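The values are calculated or read from the model by the stated rules, or taken from the named source; none is laboratory data. Note that the coordinates shown come from a computational prediction; the quantities given were computed from them, not determined experimentally. Every residue, glycine as well, gets a Cβ built from its backbone with ideal geometry; the counts of neighbours run over all protein chains shown. Each accessible area value is taken on the protein alone, full model and side chains, heavy atoms only, with ligands, DNA and RNA left out. Shrake-Rupley method; radii C 1.70, N 1.55, O 1.52, S 1.80 Å.
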Number of protein chains: 2
Amino acid sequence: MNRPAGNGDEPRKVIGNQPKTARGEATRKAIIDAAERVIGSKGYYDASIGHITSEAGVAQGTFYIYFKTKEEVFSELVLEMGRMLRFTLSEATQGIEDRLEAEKAGLRAFLKFVKDHPDLYRIVQEALFVDPEAYRAYYRSFVDGYRVGLVAAQEAGQVVEEDAEILAWALMGISRSLGERLVIFGTETPIEELVTTAYNLIANGIKP
Amino acid sequence: MNRPAGNGDEPRKVIGNQPKTARGEATRKAIIDAAERVIGSKGYYDASIGHITSEAGVAQGTFYIYFKTKEEVFSELVLEMGRMLRFTLSEATQGIEDRLEAEKAGLRAFLKFVKDHPDLYRIVQEALFVDPEAYRAYYRSFVDGYRVGLVAAQEAGQVVEEDAEILAWALMGISRSLGERLVIFGTETPIEELVTTAYNLIANGIKP
DNA sequence: GACAAGCATGAATACTGGTTCATGTTCGCG
DNA sequence: CGCGAACATGAACCAGTATTCATGCTTGTC
């Protein structure tokens, strides 16, 4: 029961075991990618570790070298997804001066992203049940971005003086709903049409 | 392999076994109610038949007198939920002449319903994975109601001439998002405040 | 008051699937 | 080389749980 002094009880709360070589890095990535495909298509509960590892081309035990539990890959997936989406959006609105135009570009980029990654969409939804904390963090960060933009626009007198937090949730709801229609309900409406209609609604709805 | 002629292959697609006496009726209802509570709080996959039946105060085997599978109670729950919500909304907007006022009343009723039934909200969300067909039907019927109202208002010249289907999805998204904020994110904003802000957004957004 | 259909029981079944482990294999470095 | 740390294997373990089943109870009816 002896051990070096100056050590806490927990081994520094590392997420899974970080690989130390390029080889391990590659394997870990292969597993995450496989998990994305398998969980995305079958859902979390129907996706077994066996499915994931065989899709990744490794043995079942290998999974546990990199992840402590099944839940852990999932959480990481959700995090990754949030990062990707935020990156895509900031990329798409980079350098656009007019705030309303930026809004439009963001909406368009969001719908495109969702359409290109239908699996990712479902994964985030399922996080509400598998990892509620990750789910909340995902939407919180999304809505925060929205809110900051709105507040700035309000200060510039371009947006009506309503509670920016509530407004942000409402606007996010529009994007999300149209995205869901695309992915879950498989409608064929061109994205540009959705963007135009939603943009008019939003622009008229929030102008001062 | 002989059987009476004039019979299809399927035994009339009865959902579960309908009880024939008041006693059975009561037991069946007790199980559904228990399922609502247990699945609502633990989620579908963590809610075992054992949990549900013990919550209902019956033996495990009793469950299978009334439902063929675990999925079946769940589907019935989702259906029931859709019915309840639609009833509540039509109740709340009954007899309101002005369409915009009706919209406001509907929004208020929706948020109140969601707040009073947080479990039900999560159950519908989970249906996307457990019974996608039920999930789609739920939202389809919701959005259809919305669309019909919008089209009527457009014909009366009260609403802008945008695609009513898209508009309906967007507006539904606003309600849903604010409802989710209430239930999943546990914010304490008074419903009336949400209604006012959202109403202004919607009213300005869709006026011709 | 006995018969049968409906209802109820809960132990046994059957199987899935997450996790562990004892045993290799790879590979960079001295 | 050859040593050790990192990585990989896949068979076995085991806990949980949906579903079945043989048996027993209730209740209304003739």
Q. Which pairs do you get when a residue that is without any contact (Cβ under 8 Å) to a residue 12 or more places away in the chain and open to solvent by 30 Å² or more (accessible area, probe 1.4 Å), found in the range A:42-71, comes within reach of a residue that is assigned to a helix (DSSP H, G or I) and among the small types (Gly, Ala, Ser), reach meaning Cβ atoms under 6 angstrom, with the pair 6+ apart or on two chains?
A. A:Gln60/A:Gly50
Q. Failed condition for A:Glu161, given (1) in contact with a helix residue (DSSP H, G or I) (Cβ under 9 Å, 6 or more places away or on another chain); (2) in a loop (DSSP other than H, G, I, E, B); (3) charged (D, E, K, R); (4) within 16 Å of DNA strand D (Cβ to nearest atom), with all others met?
A. (4)
**Q.** Selection within the range B:15-53 - β-branched (Val, Ile, Thr) and outside any helix (DSSP H, G or I)
**A.** B:Ile15, B:Thr21
Q) Restricting attention to the range B:67-107, which residues are basic (Lys, Arg) and assigned to a helix (DSSP H, G or I)? A) B:Lys70, B:Arg83, B:Arg86, B:Arg99, B:Lys104
Q) Checking A:Ile174 against (1) touching a residue at least 24 places away in the same chain (Cβ under 8 Å); (2) at negative phi; (3) open to solvent by 20 Å² or more (accessible area, probe 1.4 Å), which single condition isn't satisfied? A) (3)
(Q) Among the residues in the range A:187-198, are any facing another protein chain (nearest Cβ under 9 Å), open to solvent by less than 40 Å² (accessible area, probe 1.4 Å) and not in a helix (DSSP H, G or I)? (A) yes
(Q) I need every pair where a residue in the range B:186-202 that is under 14 Å from A:Glu162 (Cα atoms) has its Cβ under 7 Å from the Cβ of a residue that is among the charged types (D, E, K, R), sequence separation at least 6 or different chains. (A) B:Val195/B:Lys104; B:Val195/B:Arg108; B:Thr197/A:Glu162; B:Thr197/A:Asp163; B:Tyr199/B:Lys104; B:Asn200/A:Glu162; B:Ile202/B:Glu103
Q | Criterion violated by A:Gly205 - all others in (1) facing chain B (nearest Cβ under 7 Å); (2) open to solvent by 10 Å² or more (accessible area, probe 1.4 Å); (3) of a type outside the set (Ser, Thr, Tyr) satisfied | A | (2)
Q: Please name all residue pairs, on different chains or six or more residues apart, with Cβ atoms under 9 Å, provided the first residue is in the range A:90-101 and is of a type in the set (A, V, I, L, M, F, W, C) and the second residue is part of a helix (DSSP H, G or I) and open to solvent by 70 Å² or more (accessible area, probe 1.4 Å).
A: A:Ala92/A:Arg108; A:Ala92/A:Lys112
(Q) For the range A:54-66, give me each residue that is out of contact with any Asp or Glu (no Cβ under 8 Å at 6 or more places or on another chain) and either hydrophobic (A, V, I, L, M, F, W, C) or not in a loop (DSSP other than H, G, I, E, B) (or both). (A) A:Ser54, A:Glu55, A:Val58, A:Ala59, A:Gln60, A:Gly61, A:Thr62, A:Phe63, A:Tyr64, A:Ile65, A:Tyr66
Q | Filter pass, A:Glu91 being at pLDDT 95 or above and not assigned by TED's automatic domain parsing to the domain that holds A:Val148 | A | no
**Q.** Considering residues of the range B:95-113 that are of a type in the set (A, V, I, L, M, F, W, C) and at pLDDT below 95 only, the residue nearest to B:Ile202 (Cα to Cα)
**A.** B:Leu100
Q) Just one of the numbered conditions (1) away from chain B (no Cβ under 14 Å); (2) open to solvent by less than 70 Å² (accessible area, probe 1.4 Å); (3) closer than 19 Å to A:Arg140 by Cβ is not true of A:Phe87; which one? A) (2)
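Each row is one residue, and each column tells you yes or no for (1) crowded, with 19+ Cβ neighbours inside 10 Å; (2) at pLDDT 95 or above; (3) part of a helix (DSSP H, G or I).
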position: A:Arg122; (1), (2), (3): yes, no, yes
position: A:Leu128; (1), (2), (3): yes, yes, yes
position: A:Glu133; (1), (2), (3): no, yes, yes
position: A:Tyr139; (1), (2), (3): yes, yes, yes
position: A:Trp169; (1), (2), (3): yes, yes, yes
position: A:Phe185; (1), (2), (3): no, yes, no
Q | Test: residue in the range B:157-167 that is within 8 Å of another protein chain (Cβ to nearest Cβ), open to solvent by less than 10 Å² (accessible area, probe 1.4 Å) and in contact with a Leu (Cβ under 7 Å, 6 or more places away or on another chain) | A | yes
Q.
If the requirement is being without any contact (Cβ under 8 Å) to a residue 60 or more places away in the chain and of a type in the set (A, V, I, L, M), which of these qualifies: A:Val148, A:Val114?
A. A:Val148
